[in-house]
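The structure appears below as structure tokens.
The values are calculated or read from the model by the stated rules, or taken from the named source; none is laboratory data. Computed from a predicted structure; not experimentally measured. Here Cβ is always computed from backbone atoms with ideal geometry, including for glycine, and neighbour counts include all displayed protein chains. Side chains are part of the model used for accessible areas, which takes the heavy atoms of the whole protein and leaves out ligands, DNA and RNA. Shrake-Rupley method; radii C 1.70, N 1.55, O 1.52, S 1.80 Å.
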Amino acid sequence: MAMSILGALKLAPSPLLPPTQPSVRASSSLHFHLANAGAAALVAASLLLADPALAFRGGGPYGQQVTRGQDLTGKDFSGQTLIKQDFKTSILRQTNFKGANLLGASFFDADLTGADLSDADLRNADFSLANVTKVNLTNANLEGALVTGNTSFKGSNIYGADFTDVPLRDDQRDYLCKIADGVNTITGNATKETLFCK
């Protein structure tokens, strides 16, 4: 959009001066070109400041709002289709994702403290380095989700959550196995079985 506006900006030609004044003509032409360049830069900067989405759009193909690196505390995304949505480094405390389709979404380094992800489709989602503390994962399908680094599930409700093919560190698995219970109503898999609890 910014490029189309700048492309439409018509810059006037340098004013013609009589050939008897070459030094005045060169000086005038230089000032005129500098003024045109300055005007174009001012228009471009004002567009980016007026709409930060022109500078960076972090959404996915189904959710066009800017969601990457944002404070979305308490927002309601329940039941929405947010396939491959980018929530990297966002603050998502107490955010409602109940029943949302978050297939392949990225929560890399996001803070999901107290969020509701119950009944959400989280297959192949990326939770690397995310804070998933006190999150409601009841009946969530996390099949194939990526969980690396210091991802924390402390205090989360995982009743009926499906962790099939989720790579977990031993300490993460041990913690989750202590609180695992229930069967996922969509996949029919028992939470303890998907975690390979002993």
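Quick notes on this structure:
- With a threshold of 22 Å on the Cα-Cα distance, the over-threshold entries among Lys178/Lys198; Lys88/Lys154; Lys134/Lys192; Lys84/Lys178; Lys88/Lys192; Lys154/Lys178 are Lys84/Lys178; Lys88/Lys192.
- The charge dipole of the range 120-186, taken about its Cα centre with unit charges on the Cβ atoms of Lys, Arg (+1), Asp and Glu (-1) only, comes to about 240 debye.
- Surface per residue (accessible, 1.4 Å probe) for the range 143-198, Å²: 56
- Peptides ranked, highest mean first, by Cβ atoms within 10 Å: ranges 131-144, 91-104: 131-144, 91-104
- The magnitude of the dipole of the range 60-198, with charges of +1 and -1 set on the Cβ of Lys/Arg and Asp/Glu and taken from the Cα centre, is near 160 debye.
- Kirkwood-type radius of the range 111-180, with distances r between different C-alpha atoms, in Å: 11.6
- Global geometry of the range 67-163, whether rounded, prolate or oblate, following the gyration tensor of its Cα atoms and the 1.5 cut on a/c: rounded
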